Amino acid sequence: MLKVGVLGAGHLGKIHLRLLNESPKYDLIGFYDPDDINGQKVAAEFGYTHFENINDLIDAVDVVDIVTPTLSHYDCAKKAMEKGKHVFIEKPITNTLEEAEELLKLEANTGVKGQVGHVERFNPAFGSVKDKIHNPMFIESHRLAEFNPRGTDVPVVLDLMIHDIDAILSVVHSKVKQINASGVSVISNSPDIANARIEFENGCVANLTASRISLKNMRKSRFFQRDAYISVDFLEKKVEVVKMKDAPETPGEFDMILQNAEGIKKQIYFENPDIEPNNAILDELETFADAINNDTIPVVTLEQGTQALKVALQIIGSF
């Protein structure tokens, strides 16, 4: 069991504390929260050990789980990594690209492992079809949320859209060529709704929309590729896989056949991948423990978290 400590005991921090406390792969040593009153309240309510000094907690553990506001991610991770501790950092990895690149250097110099909390990588719907997404040429994503004051300290791109940016970068194996985007501030001081068109060097185009002022929640992505259409509903944890293959010479009574202008016939068929229910946050934390114990590469590396941040900041910069 890896000794773990949590930095930050807000809404998400309390979820991490509960899951780490239940996990057989971790020994939860305690947590630190800069708000001493909140720290004492959480300790009293749940029985977790509250550390009054961040350095004392870092010294007592093998792994530091950083669930603080984005502005403090870099300072917290730097402290931990310089002491030789592995770090799990909630998304986005840091507030600036320079900070993320500094953490990459620290990771290389210290030999510790790091993972970024891009939790949608562990969504069972996405996991069930990720291996079926091959060279997609058009992607459309919608991530819409009802207004919640929590998270409005950063633009909607860093709050919501970055989930889809990371998921897309994990299946499009090509460099970003060009980005066009627009964002509008409606309630917050930073953009609440944004749209981005990302063009990749291999010709793939991704059109992303994110909003935190919608009347209903939606988290859907659609992947279009040669002979296949794949739809992922991250919210409902459902998938649709529609594929095409050469039509048989003598189609069955219920076969769906399409014929194009050149007379080529294709058969449409559906696949229904098994979706295994899971707790995505628990999975991301436990796969990180596996990466440490087995000395393997984490599912979402600090490098990948940095790339997602880089694209997100390019989108914000093109508003």
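Quick notes on this one:
- With all protein chains modelled, accessible area of Thr296 [1.4 Å, Å²]: 70 Å²
- Cα gyration tensor, the chain - rounded (a/c under 1.5), prolate or oblate: prolate
- Antiparallel DSSP beta bridges within the chain, as percent of all bridges there, nearest 5: 60 percent
- Fraction of accessible area attributable to carbon and sulfur, the stretch 138-208 (%, probe 1.4 Å): 48 percent
- As a fraction of the 1.4 Å probe accessible area of the stretch 213-285, surface on carbon and sulfur atoms comes out at 50 percent.
- Helix 11-22 and the longest principal axis of the C-alpha atoms of the chain enclose an angle of approximately 80°.
- On a per residue basis, the stretch 209-290 carries 63 Å² of accessible surface, using protein heavy atoms and a 1.4 Å probe.
The values are calculated or read from the model by the stated rules, or taken from the named source; none is laboratory data. The model shown is predicted, which means the values in this text are computed figures rather than measured ones. The accessibility values were calculated without ligands, DNA or RNA, using every heavy atom of the protein model including side chains. Shrake-Rupley method; radii C 1.70, N 1.55, O 1.52, S 1.80 Å.
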